[in-house]
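Any read-out appearing in this document is the output of simple, stated calculations on the displayed coordinates, not a laboratory observation. Since this is a predicted model, take the numbers as computed values, not measurements. Here the Cβ is made from the backbone with ideal geometry for all residues, glycine too, and neighbour counts use every protein chain on show.
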Amino acid sequence: MNRDSAALIHSRETFIAGSPSTASADVATAVLTDAEYELFAEIGRSRRIQEGQVLFRRGELGTTMFVIARGVIDLDFGEDLVGKRLGPCEFFGELGLLIGDHVRSADAVAASDGLLIELRHEEFQRLVDCDPGLVSYFLRRAILRVVLNEQSLIRRLRRRNEELESALDSLYAATHQLNQTEELVRTDELTSLYNRRGLTLHLQEFRKLGMPNSMGLLLIDCDRFKQVNDEHGHLIGDRVLQGVANILRSVAGPDDLACRLGGDEFCLLMVAENREEVMRFADFVVSTAQGLMQMVHGAPLMCPLSVGACLVDPTKDWNDWYARADEGLYRAKRMGGNCVQWQDHDAELTSA
């Protein structure tokens, strides 16, 4: 026995002097039996380590197994996995000894000054030649330990997957609720059209994506709506407002926007190239309302509509568009309602 081996055996004896017997090590632990330790100390080389010294990093290739003669080693597996702290007579990195060029699964860092036994893959055959029965027993324990570690890892990963699925379900539910809440914020509760806030947000998004070159705007107001509420009640008045919303929904295309601005005032913003296109929309709205009014029913389904129509300049803002359409609506109201009035794009506005 050489001097290094004698020193390693002495370290082993010093460690076990006040400890329970390790003659038959637990297969689930990394503690060596007395005979295994003596064999590894005889074949291996001693290596002194200092606190904080890195023995290897996760992902590196390794061909060496280490046995701790004195000191403490921390193994960090990363990714929120539970690490391990190993002490005297415990081993790690055994797959490097058994198969060579094994990818390390953890960082190994010295937690204190100490002494290690190193055994390289090339020395595995010498171990077998010295004591094949002992090495065979060690191999069975080492393999079982690897299997137990893998099973533990699989259980942890399964729990993490379940937790991740639960978190994703919660995130989906929260996102769905958020989308519903945002939709409620944008939408008029009675008619399900966009409200004024929804219109503002839509125009902001529209400008980010790029506005069409030419658009038209209809500003719609219910004639004598207060009379409907006073004579038939607010439920009938609500039904009339829903009827106006249905007319606007029926005429609006996928790129158009119908909105209830508040009370009995609505608007329809559409993509349109010229006056004729805008007026077709406006005439349809007024004539459809007139047709509903002629239907025989105990309570009114609709009331007359006044409409102000115009083309709008995409480079200007909503206030300019509204003022222009409102001028036409004002003239329609002065003429008795139930009609459409066009406001030229370049006409001087008399009111806003």
- Taking θ as phi - 60°, what are the ³J(HN,Hα) couplings along region 260-277 by the Karplus curve (6.51, -1.76, 1.60), each to the nearest whole Hz, with x for Gly and Pro? 9, 6, x, x, 10, 10, 10, 8, 9, 9, 10, 7, 8, 8, 8, 4, 4, 5
- Across region 233-245, in residue order, what do the Karplus-derived ³J(HN,Hα) couplings come to in whole Hz, using 6.51 cos²θ - 1.76 cosθ + 1.60 with θ = phi - 60° and x for Gly and Pro? x, 6, 5, 5, x, 5, 5, 5, 4, 5, x, 4, 4
- Message: From the helices alone, meaning DSSP H stretches of at least four residues, give me the mean residue ellipticity at 222 nm for the chain, per-run term -39500 (n - 2.57), in deg cm²/dmol to the nearest 500.
- Response: -16000 deg cm²/dmol
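Mean separation of Cα pairs under 8 Å and 6+ residues apart, divided by the residue count of region 218-352: what relative contact order is that in percent? Walk me through the numbers on the way to the answer.
Numbers: 220 pairs, mean separation 37.6, N = 135.
In percent, rounded to a whole number, it is 28.
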- Task: Calculate the spin-label point distance for Gln290 paired with Cys130, positioning each point 7 Å from the Cα along the beta-carbon direction, and give it in nanometres.
- Result: 10.9
- Message: Is there a quick way to get the dipole size of the chain? I mean about its Cα centre, with the Cβ of Lys and Arg at +1 and of Asp and Glu at -1; what is the value in debye to the nearest 20?
- Response: 440
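Grab the Cα-Cα distance for Leu148 and Glu122, subtract it from 0.36 nm times how many residues apart they are, and report the gain in nm with one decimal. Before the final figure, lay out the partial values.
Working: separation 26, 0.36 × 26 = 9.36 nm, distance 2.65 nm.
Residue separation times 0.36 nm, minus the Cα-Cα distance, leaves 6.7 nm.
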- Message: Suppose the chain between Ser214 and Arg57 were pulled fully straight at 0.36 nm per residue; how much longer would it get relative to their current alpha carbon spacing?
- Response: 50.1 nm
- Task: List, in order, the whole-Hz ³J(HN,Hα) value for each residue of region 216-224 obtained from phi through the Karplus relation with A = 6.51, B = -1.76, C = 1.60 and θ = phi - 60°; use x for Gly and Pro.
- Result: x, 9, 10, 10, 10, 9, 7, 7, 6
- Task: Within 10 Å of each residue's Cβ, count the other Cβ atoms and sort Leu203, Leu217 from fewest upward.
- Result: Leu203, Leu217
- Note on the structure: Per residue convex hull volume, Cα only, the chain, in Å³ is 248
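Consider all pairwise Cα distances in region 208-352 and report the whole-number % of them above 20 Å.
On the way: 4637 of 10440 pairs.
Roughly 44 percent, once rounded to a whole number.
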- Message: As I understand it, the dipole of the chain uses +1 on the Cβ of Lys and Arg and -1 on the Cβ of Asp and Glu, about the Cα centre. Which of Tyr137, Ala309, Ala289 lies farthest toward its positive end?
- Response: Tyr137
- Identify the residues of region 223-261 with backbone N under 11 Å of a label point that sits 7 angstrom from the Cα of Lys333 along the Cα-to-Cβ direction, or state none. 223-224
- Under unit Cβ charges (Lys, Arg +1; Asp, Glu -1), what dipole magnitude, rounded to 20 debye, does region 218-352 have relative to its Cα centre? 500
- Please give the contour-minus-distance gain from Arg275 to Asp320: 0.36 nm per residue of separation, less the Cα-Cα distance, rounded to one decimal in nm. 14.4 nm
- Query: Using Cα pairs under 8 angstrom and six or more residues apart, how large is the relative contact order of the chain, in percent?
  - Reply: 13
